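Engineer: I have a structure here, written as structure tokens, and I will follow up with some questions on it.
The values are calculated or read from the model by the stated rules, or taken from the named source; none is laboratory data. What you see is a predicted model, and the numbers here were worked out from it, not measured in a lab. Cβ coordinates were reconstructed from backbone atoms using ideal geometry, including for glycine residues, and neighbour counts include every protein chain displayed. With ligands, DNA and RNA removed, areas are computed over all heavy atoms of the protein, side chains included. Shrake-Rupley method; radii C 1.70, N 1.55, O 1.52, S 1.80 Å.
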Amino acid sequence: MALTIGVDIGGTKVAAGVVDEDGRIVENLLRPTPAQSPEKVAETIAEVVRELSKGRSIEAVGLGAAGFVDETRSVVRFAPNLAWREEPLQKKVSDLVGLPVVVENDANAMAWAESRFGAGRGETHLVCVTVGTGIGGGIVLDGALYRGRWGMGAELGHIQAVPGGRLCGCGNLGCWEQYASGNALVHEAKEIATAEPGRAARLLEIAGGTPDRIEGQEVTQAAGEGDPAALAAFSSIAGWLAQGLADLTAVLDPGCFVLGGGVSRAAEFWFDEVRDTYARIVTGRGHRPPVEIRLAELGASAGLVGAADLARRI
């Protein structure tokens, strides 16, 4: 069976794996990301590829990169959490490992994996939304990954949700990810705990008594214990997610949405509300076929599985 290697490169870790034609990971490795040095990142990728290649016949390598990847799937034009600026990643890694290499945006790679092997199996029109620190996205239309004219499509987190709203890391104001992401969850929880400390008693206790120390883990724990402020923060995120999905439906008319990312691990606190709110507000409700909203199935391995499968199609 043909084997490829997928590598998911994030701001803190490089995850790599040998993947077969059915999307199964044969072996995997994890390394810290030397984020401040493009040369060291390329060397780290080459090291894991060489190690995983030992004793195997590898056809190609797919790289899932957290950033803007150009239309040729070879250059990372910009990465918010790595020192990549117009980085010729495909050539660097291919020269180091002596194999064909393709580069893809990490959220695109995740969407492709979920469409092929995960929650989107059998669906030719799907939108994948990764809800983590920010919001990423990937779109599959007519069974093909949609990348846009310049390879930078599906940056869903940077659709403007609130004109003149919160400052986003991209430099614009009011982006969707500022209201519907892990960072937004923490922001909401801190605001509620500051304004209504009595309502956030358990959350503040878990966080050591001060709103400034609240992080996502504390919000999730407090929600599990019934803290009203933590539950309200999750409810806020659910509302913003539902609104964004409804807007995307009006533009793309997908058959399903697949929701993944770190926040999905706390889906018990927001997923049902997203579905219910979406059904209530989507345009054409009652006159259009239902759009399924599903949780991603492949977890943290989706990016490398998708990258590996895309490499098979070079």
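Engineer: Please count how many residues of the stretch 44-68 are in contact (Cβ under 8 Å) with a residue 24 or more places away in the chain, farther than 16 Å from Lys91 by Cβ and part of a helix (DSSP H, G or I).
Structural biologist: Number satisfying all stated conditions: 5.
Engineer: From (1) open to solvent by 10 Å² or more (accessible area, probe 1.4 Å); (2) closer than 30 Å to Leu295 by Cα, pick out the condition that doesn't hold for Ile45.
Structural biologist: With (1) open to solvent by 10 Å² or more (accessible area, probe 1.4 Å); (2) closer than 30 Å to Leu295 by Cα applied to Ile45, the lone miss is (1).
Engineer: Related question: Answer yes or no as to whether Val140 is closer than 27 Å to Pro32 by Cβ, among the β-branched types (Val, Ile, Thr) and surrounded by 21 or more Cβ atoms within 10 Å (Cβ to Cβ).
Structural biologist: no
Engineer: Consider only pairs whose beta carbons are under 8 Å apart and that are at least six residues apart or on different chains; among these, list those whose first residue lies in the stretch 185-199 and is touching a residue at least 60 places away in the same chain (Cβ under 8 Å) and small (Gly, Ala, Ser) and whose second residue is surrounded by fewer than 22 Cβ atoms within 10 Å (Cβ to Cβ) and assigned to a helix (DSSP H, G or I).
Structural biologist: Here the result reads none, with nothing in the stretch 185-199 linked to a residue that is surrounded by fewer than 22 Cβ atoms within 10 Å (Cβ to Cβ) and assigned to a helix (DSSP H, G or I).
Engineer: Which of the residues that make up the stretch 3-30 are more than 17 Å from Asn105 (Cα to Cα), open to solvent by less than 20 Å² (accessible area, probe 1.4 Å) and touching a Lys or Arg at 6+ places or on another chain (Cβ under 8 Å)?
Structural biologist: Thr4, Val18, Gly23 - these are the residues of the stretch 3-30 that are more than 17 Å from Asn105 (Cα to Cα), open to solvent by less than 20 Å² (accessible area, probe 1.4 Å) and touching a Lys or Arg at 6+ places or on another chain (Cβ under 8 Å).
Engineer: Report whether or not Val258 is touching a Gly at 6+ places or on another chain (Cβ under 6 Å), outside any loop (DSSP other than H, G, I, E, B) and at pLDDT 95 or above.
Structural biologist: Yes: the conditions hold for Val258.
Engineer: Can you tell me which residue within the stretch 274-302, out of those that are open to solvent by 70 Å² or more (accessible area, probe 1.4 Å), modelled with pLDDT of 95 or more and in a helix (DSSP H, G or I), is nearest to Ile5 (Cα to Cα)?
Structural biologist: Arg275
Engineer: Residues in the stretch 207-221: is at least one among the acidic types (Asp, Glu) and open to solvent by less than 50 Å² (accessible area, probe 1.4 Å)?
Structural biologist: Checking the stretch 207-221: at least one residue is among the acidic types (Asp, Glu) and open to solvent by less than 50 Å² (accessible area, probe 1.4 Å).
Engineer: Given the conditions (1) acidic (Asp, Glu); (2) within 14 Å of Ala307 (Cβ to Cβ); (3) at pLDDT 95 or above, which single one is not true for Asp106?
Structural biologist: All conditions pass for Asp106, except number (3).
Table: residues versus (1) in a helix (DSSP H, G or I); (2) without any contact (Cβ under 8 Å) to a residue 60 or more places away in the chain; (3) closer than 19 Å to Gly98 by Cα; (4) touching a His at 6+ places or on another chain (Cβ under 9 Å).
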{"position": "Val14", "(1), (2), (3), (4)": "no, yes, no, no"}
{"position": "Gly17", "(1), (2), (3), (4)": "no, no, yes, no"}
{"position": "Arg31", "(1), (2), (3), (4)": "no, yes, no, no"}
{"position": "Pro34", "(1), (2), (3), (4)": "no, yes, no, no"}
{"position": "Ala42", "(1), (2), (3), (4)": "yes, yes, yes, no"}
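Engineer: Considering each residue of the stretch 69-100, count those that are open to solvent by 10 Å² or more (accessible area, probe 1.4 Å), in contact (Cβ under 8 Å) with a residue 60 or more places away in the chain and in a strand (DSSP E or B), and give that number.
Structural biologist: Summing the residues that are open to solvent by 10 Å² or more (accessible area, probe 1.4 Å), in contact (Cβ under 8 Å) with a residue 60 or more places away in the chain and in a strand (DSSP E or B) in the stretch 69-100 gives 1.
Engineer: Among the listed residues Val258, Val291, identify the single one that is touching a residue at least 40 places away in the same chain (Cβ under 8 Å) and touching a Pro at 6+ places or on another chain (Cβ under 7 Å).
Structural biologist: Of Val258, Val291, the one residue that is touching a residue at least 40 places away in the same chain (Cβ under 8 Å) and touching a Pro at 6+ places or on another chain (Cβ under 7 Å) is Val291.
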